[in-house]
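**Q** Before anything else, here's the structure in question.
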Amino acid sequence: MGLLDQEFLDDNIIVTRTEDLLNWARLSSLWQLGFGLACCAIEMMATSASHYDFDRFGVIPRASPRQADIIIISGTVTLKMALRIKRLYEQMPDPKYIISMGSCANSGGPYWEHGYHVLKGIDRVIPVDVYVPGCPPRPEALLEGLLKLQEKIRSESLRKKV
Amino acid sequence: MKSIEEICNILKDKFPDYEIQLNTEYSTDNFLILKSENLFEIALFLRDNEETLFDSLMVLSGVDDANGEKKKEEDGSETINGGTLSVFYHLYSIKLKHKLTLKVSSPRENPEIVSVSSIWLTADWHEREAYDMYGIRFLNHPDLRRILMPYDWEGYPLRKDYKNPEFYQGMKIPY
């Protein structure tokens with residue numbers, strides 16, 4: 001991790017790299033856009049609730065894309081909704097991250113062949129950082145996806161988003 | 001509580017000139033087949049007459065009868081010419097506890113059926129859905145827009161000869 005490289009005798013000083021500090025701050029408070037689509041959103045809400053407690057990873061739902069760092073695409077993305085998701089994504093400030101949750105958001109899921117109204121994977125519209133498989137994924141799987149995303153952010157550099 | 005035969009007889013007594021046909025050939029509930037031009041008057045009568053009192057429209061749904069001339073295209077898809085599109089009305093009387101199903105058909109090339117949304121408000125959104133999915137136009141409807149698909153969508157997805165478009169607003173649709 002590299003945050004606590006050296007500790008001085010004075011207990012208020014820690015020496016670290018700027019990059020590590022920024023990454024640590026980012027990955028520890030991933031504010032989430034309060035946005036749900038289908039049955040996956042029910043699991044996402046369960047993940048937020050007390051039993052699984054998303055909050056302990058710093059994930060707090062925000063009502064506005066302007067305050068959000070991460071958007072979890074939790075459910076079936078219809079073509080009509082895809083345009084709105086794209087706009088929400090564009091309204092989020094950088095750095096921003098996307099978790100694609102469940103089969104529908106990953107690839108269209110059960111609608112892959114006959115879903116005339118379904119976008120076959122949210123990655124056709126916006127770039128995805130982590131895919132969580134499942135239909136719907138259990139809260140444990142979504143937590144795993146979030147930990148994967150944190151791992152990814154931890155290795156980011158200041159110059160370029162990984 | 002009245003059976004569909006009794007209701008059919010009441011209607012035939014009241015409207016001797018109208019074509020009202022009782023269909024019993026399916027294993028589902030029997031239903032009455034009406035002419036589109038008589039629908040509004042009969043529906044209003046069914047709601048207000050004391051013997052029927054159909055105060056509730058449970059559901060209104062479009063159907064593609066696919067009874068026209070079918071033609072195979074080179075790419076394996078199918079087009080249908082002629083035939084009819086239909087609308088089924090499922091009525092229920094909360095006071096008298098009886099049910100009735102009506103069917104009205106309209107030609108596929110120019111499907112127009114008079115709206116019953118001024119009789120049962122339930123019909124408002126259901127007719128918009130039937131319009132959205134089958135392209136059936138409901139005359140005198142107060143606000144006949146698509147209800148589920150985007151307003152700029154082309155075609156009517158639940159028709160049997162519907163073909164998926166390749167793109168919508170720059171997004172590829174097929175897998």
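**Q** Could you give me the residue pairs with C-beta distances under 9 Å whose first residue belongs to the range B:146-172 and is more than 8 Å from chain A (Cβ to nearest Cβ) and under 23 Å from B:Ser61 (Cβ atoms), whose second residue is among the β-branched types (Val, Ile, Thr) and part of a loop (DSSP other than H, G, I, E, B) wherever it lies, and which are 6+ apart or on separate chains?
**A** Sorted first by the residue in the range B:146-172, then by its partner, the pairs are B:Tyr156/B:Ile136.
**Q** Looking only at the range B:157-175, how many residues end up being among the aromatic types (Phe, Trp, Tyr), farther than 15 Å from B:Glu78 by Cβ and open to solvent by 40 Å² or more (accessible area, probe 1.4 Å)?
**A** Adding up the residues that qualify gives 2.
Residues checked against (1) modelled with pLDDT under 90; (2) at negative phi:
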| site | (1), (2) |
| --- | --- |
| B:Cys8 | no, yes |
| B:Thr28 | yes, yes |
| B:Leu44 | no, yes |
| B:Leu53 | no, no |
| B:Val59 | no, yes |
| B:Asp65 | no, yes |
| B:Lys71 | yes, yes |
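Here is a yes/no grid of residues against (1) more than 30 Å from A:Gly109 (Cβ to Cβ); (2) assigned to a loop (DSSP other than H, G, I, E, B); (3) open to solvent by less than 60 Å² (accessible area, probe 1.4 Å); (4) in contact with a Gly (Cβ under 6 Å, 6 or more places away or on another chain):
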position	(1), (2), (3), (4)
B:Val87	yes, no, yes, yes
B:Thr101	yes, no, yes, no
B:Glu109	yes, yes, no, no
B:Phe138	yes, no, yes, no
B:Asp152	no, yes, no, no
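**Q** Determine, yes or no, whether B:Ile113 is part of a strand (DSSP E or B), out of contact with any Cys (no Cβ under 7 Å at 6 or more places or on another chain) and touching a residue at least 40 places away in the same chain (Cβ under 8 Å).
**A** yes
**Q** Where residues in the range A:102-123 are farther than 11 Å from A:Val77 by Cα and either within 11 Å of chain B (Cβ to nearest Cβ) or modelled with pLDDT of 95 or more (or both), which of them is most open to solvent (accessible area, probe 1.4 Å)?
**A** If we take residues in the range A:102-123 being farther than 11 Å from A:Val77 by Cα and either within 11 Å of chain B (Cβ to nearest Cβ) or modelled with pLDDT of 95 or more (or both), then A:His114 is most open to solvent (accessible area, probe 1.4 Å).
**Q** Tell me which of these B:Ile119 doesn't satisfy, since it passes every other one: (1) open to solvent by 70 Å² or more (accessible area, probe 1.4 Å); (2) more than 22 Å from A:His117 (Cα to Cα).
**A** If we test B:Ile119 against (1) open to solvent by 70 Å² or more (accessible area, probe 1.4 Å); (2) more than 22 Å from A:His117 (Cα to Cα), just (1) comes out false.
**Q** To continue, here is another question. Consider B:Met133 carefully, then state whether it is surrounded by 18 or more Cβ atoms within 10 Å (Cβ to Cβ) and in a loop (DSSP other than H, G, I, E, B).
**A** no
**Q** Can you tell me which residue among B:Asn110, B:Asn140 is among the polar types (S, T, N, Q), more than 22 Å from B:Leu44 (Cβ to Cβ) and more than 10 Å from chain A (Cβ to nearest Cβ)?
**A** Answer to the check: B:Asn110.
**Q** Ok, one more. Checking the conditions here, which among B:Lys72, B:Lys97 is open to solvent by 90 Å² or more (accessible area, probe 1.4 Å), in contact (Cβ under 8 Å) with a residue 24 or more places away in the chain and farther than 28 Å from B:Pro142 by Cα?
**A** Answer to the check: B:Lys97.
**Q** Show me the helices (runs of 4 or more DSSP H) found entirely inside the range A:1-94 where at least 2 residues are more than 30 Å from B:Pro157 (Cβ to Cβ) and at pLDDT 90 or above.
**A** By residue number, A:18-28, A:39-48.
**Q** What are the pairs with Cβ atoms under 7 angstrom where one residue, in the range A:54-82, is within 13 Å of A:Leu142 (Cα to Cα) and of a type in the set (S, T, N, Q) and the other, located anywhere, is in a strand (DSSP E or B) and open to solvent by less than 60 Å² (accessible area, probe 1.4 Å)? Sequence gap at least six, or different chains.
**A** So the pair list comes out as A:Ser74/A:Met101.
**Q** Of the residues A:Leu147, A:Leu142, A:Leu158, which is touching an Asp or Glu at 6+ places or on another chain (Cβ under 7 Å), open to solvent by 60 Å² or more (accessible area, probe 1.4 Å) and either away from every other protein chain (no Cβ under 14 Å) or not aliphatic (A, V, I, L, M) (or both)?
**A** A:Leu158
**Q** Quick check on my filter: what residues within the range A:58-88 are open to solvent by 10 Å² or more (accessible area, probe 1.4 Å) and within 14 Å of another protein chain (Cβ to nearest Cβ)?
**A** Result: A:Thr76, A:Thr78, A:Lys80, A:Met81, A:Leu83, A:Arg84, A:Lys86, A:Arg87.
**Q** Something else about it: What's the number of the only condition in (1) over 19 Å from the mean Cα position of the chain (by Cα); (2) closer than 30 Å to B:Tyr162 by Cα that B:Tyr26 fails to meet?
**A** All conditions are met except number (1).
The values are calculated or read from the model by the stated rules, or taken from the named source; none is laboratory data. All figures in this text were calculated on a predicted structure; none of them were measured in a lab. For neighbour counting, all protein chains shown are included, and Cβ atoms are generated from backbone atoms with ideal geometry for every residue, glycine included. Keep in mind that these areas ignore ligands, DNA and RNA; they rest on the heavy atoms of the full protein, side chains included. Shrake-Rupley method; radii C 1.70, N 1.55, O 1.52, S 1.80 Å.
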